[in-house]
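These notes are about the structure you will find just below.
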Amino acid sequence: LPTLHRYLRLRQRMMKVPKLGYEDLYAPIIQGLDLKYTPEQAMDLTLKSSAPLGAEYVTQLQQAYKDRWVDFLPSTGKRSGAYSSGDVYDLHPYQLLNFNGAYEDMSTLAHESGHSLHSYLSNKNQPYGLNNYPIFVAEVASTLNENLLFHYMLEHTTDKKVKLSLLGSYLENLRATLFRQTLLAEFELRVHEMAEKDQPLTGENLNQLYLQLLREYYGHDKGVCQVDALYAVEWAYIPHFYYNFYVFQYATSTVASTSIAKSILSEEKQGKDQARQAYLKMLSSGNSDYPLVLLRKAGVDMTTSQPFAAAMAEMNHIMDQIEELE
């Protein structure tokens with residue numbers, strides 16, 4: 001939490017607001033900057049940022065875009081959000097997006113493209129009974145592509161405001177994917193514990209529990225971020241709570257993908273590709289082994305605290321960069 005609170009205080013300073021409120025987390029961190037991308041630009045930049053994964057990966061993703069695996073634009077009656085569906089074994093994956101041109105929309109394309117290539121490679125290399133990879137590794141493929149896009153964009157940007165916006169967006173992504181999902185997982189666990197103790201799961205009780213966790217995580221009582229009581233009901237619109245303990249795997253996957261991406265990018269500069277090959281083998285492994293084993297073969301041991309420590313170190317490094325640019 002100290003790392004999260006450092007980010008929240010930094011965000012307050014950058015936004016120049018006297019007090020940071022929970023609702024302020026959904027406002028742009030940099031004023032007067034409206035980055036816009038067309039679907040064609042988003043595809044081009046996603047392909048370029050995927051280069052560290054090798055020519056074969058990029059060529060297949062390029063073919064996917066050419067063959068219209070992706071439904072980009074919002075339309076009447078189209079469901080909200082974004083997802084990649086690769087459940088049909090003998091057919092390529094399809095992506096649903098609601099692309100509005102923001103950097104976050106391009107990042108979403110990179111995210112869902114990671115899922116699509118994961119499905120494609122697993123279906124191609126595994127028999128039907130072993131192709132459907134576990135969720136514990138699924139979000140590694142997606143968040144790693146987001147990580148590569150961020151580093152590519154940062155490396156090819158000279159404008160100070162754009163750099164600050166990219167760095168801020170990356171921090172916000174870590175806040176939402178790592179800290180927020182852990183909060184949601186803790187809420188979900190506590191709800192099940194309440195049920196096991198025969199405590200009533202009333203709306204009032206669930207609101208009280210959620211608000212308590214929200215204020216603890218966001219430092220409400222420490223004056224870090226004000227969380228008004230109306231946000232107690234935020235839990236009610238999150239569909240993942242109706243699945244089988246889904247949300248914590250966003251956090252673990254982000255930790256794993258941060259570590260793997262760092263190794264791939266580091267080796268690329270040295271002309272090596274061991275980390276990349278190990279990662280591509282994981283993408284091709286489907287459900288052929290336990291997820292912890294798959295990740296260990298890809299170069300990250302999730303039974304240790306090292307990947308989490310590395311993610312926290314990267315988050316603090318990003319904040320150091322912002323403070324240098326401010």
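The values are calculated or read from the model by the stated rules, or taken from the named source; none is laboratory data. The structure presented is a predicted model; accordingly, all values stated were derived computationally and were not measured. We place every Cβ from the backbone using ideal geometry, glycine too, and count neighbours over all the protein chains shown. Surface accessibility is based on the protein's heavy atoms, side chains included, excluding ligands, DNA and RNA. Shrake-Rupley method; radii C 1.70, N 1.55, O 1.52, S 1.80 Å.
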Task: Subset tally (residues that are under 22 Å from the mean Cα position of the chain (by Cα), surrounded by 16 or more Cβ atoms within 10 Å (Cβ to Cβ) and of a type in the set (S, T, Y)) for region 270-306 - done: 3
Open item on the list: Of everything in region 100-126, what is open to solvent by 10 Å² or more (accessible area, probe 1.4 Å) and of a type in the set (S, T, Y)? Give them in sequence order.
Closed with: Y103, S107, T108, Y120
Task: Selection count, region 1-27, where residues are open to solvent by 100 Å² or more (accessible area, probe 1.4 Å) and of a type outside the set (K, R) - done: 3
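Does D87 meet the test of being over 23 Å from S169 (Cα atoms) and open to solvent by 80 Å² or more (accessible area, probe 1.4 Å)?
When the stated conditions are applied, D87 passes them.
Can you find a residue in region 164-185 that is among the charged types (D, E, K, R) and modelled with pLDDT under 95?
First, pick out the residues of region 164-185 that are among the charged types (D, E, K, R): 172, 175, 180.
The next check asks that each one be modelled with pLDDT under 95; those that pass are 172.
Yes, some residue in region 164-185 is among the charged types (D, E, K, R) and modelled with pLDDT under 95.
Tell me the helices (runs of 4 or more DSSP H) entirely within region 246-326 that contain at least 1 residues that are among the aromatic types (F, W, Y) and in contact (Cβ under 8 Å) with a residue 12 or more places away in the chain.
248-269, 274-283, 306-325
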Open item on the list: All but one of (1) in contact with an Asp or Glu (Cβ under 9 Å, 6 or more places away or on another chain); (2) over 18 Å from V255 (Cα atoms) hold for A110; state the number of the condition that does not hold.
Closed with: (2)
Open item on the list: So, in region 198-251, how many residues would count as being modelled with pLDDT under 95 and of a type outside the set (G, A, S)?
Closed with: 14
Open item on the list: I need the full set of residues from region 146-171 which are out of contact with any His (no Cβ under 6 Å at 6 or more places or on another chain), buried (at least 18 other Cβ atoms within 10 Å of the Cβ) and not aliphatic (A, V, I, L, M), in order please.
Closed with: N147, F150, Y152, S165, G168, S169, Y170
Open item on the list: Being open to solvent by 60 Å² or more (accessible area, probe 1.4 Å), over 30 Å from L211 (Cα atoms) and modelled with pLDDT of 95 or more: is that true of T59 here?
Closed with: yes
Open item on the list: Looking for something under 16 Å from the mean Cα position of the chain (by Cα) and assigned to a strand (DSSP E or B) - is there at least one such residue anywhere in region 96-116?
Closed with: no
Task: Failed criterion for R296 (all others in (1) out of contact with any Asp or Glu (no Cβ under 9 Å at 6 or more places or on another chain); (2) closer than 30 Å to L8 by Cα; (3) at pLDDT 95 or above hold) - done: (2)
Task: Leading residue by the ranking (surrounded by the most Cβ atoms within 10 Å (Cβ to Cβ)) among those in region 29-56 that are at pLDDT 95 or above and hydrophobic (A, V, I, L, M, F, W, C) - done: A42
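Quick grid of which residues meet (1) open to solvent by less than 30 Å² (accessible area, probe 1.4 Å); (2) in contact with a strand residue (DSSP E or B) (Cβ under 9 Å, 6 or more places away or on another chain); (3) hydrophobic (A, V, I, L, M, F, W, C):
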position: K197; (1), (2), (3): no, no, no
position: L209; (1), (2), (3): yes, no, yes
position: Q212; (1), (2), (3): no, no, no
position: Y217; (1), (2), (3): yes, no, no
position: K222; (1), (2), (3): no, no, no
position: F245; (1), (2), (3): no, no, yes
position: Y250; (1), (2), (3): no, no, no
Open item on the list: Among the residues of region 81-95, are any aliphatic (A, V, I, L, M), modelled with pLDDT of 95 or more, assigned to a loop (DSSP other than H, G, I, E, B) and under 17 Å from N145 (Cβ atoms)?
Closed with: yes
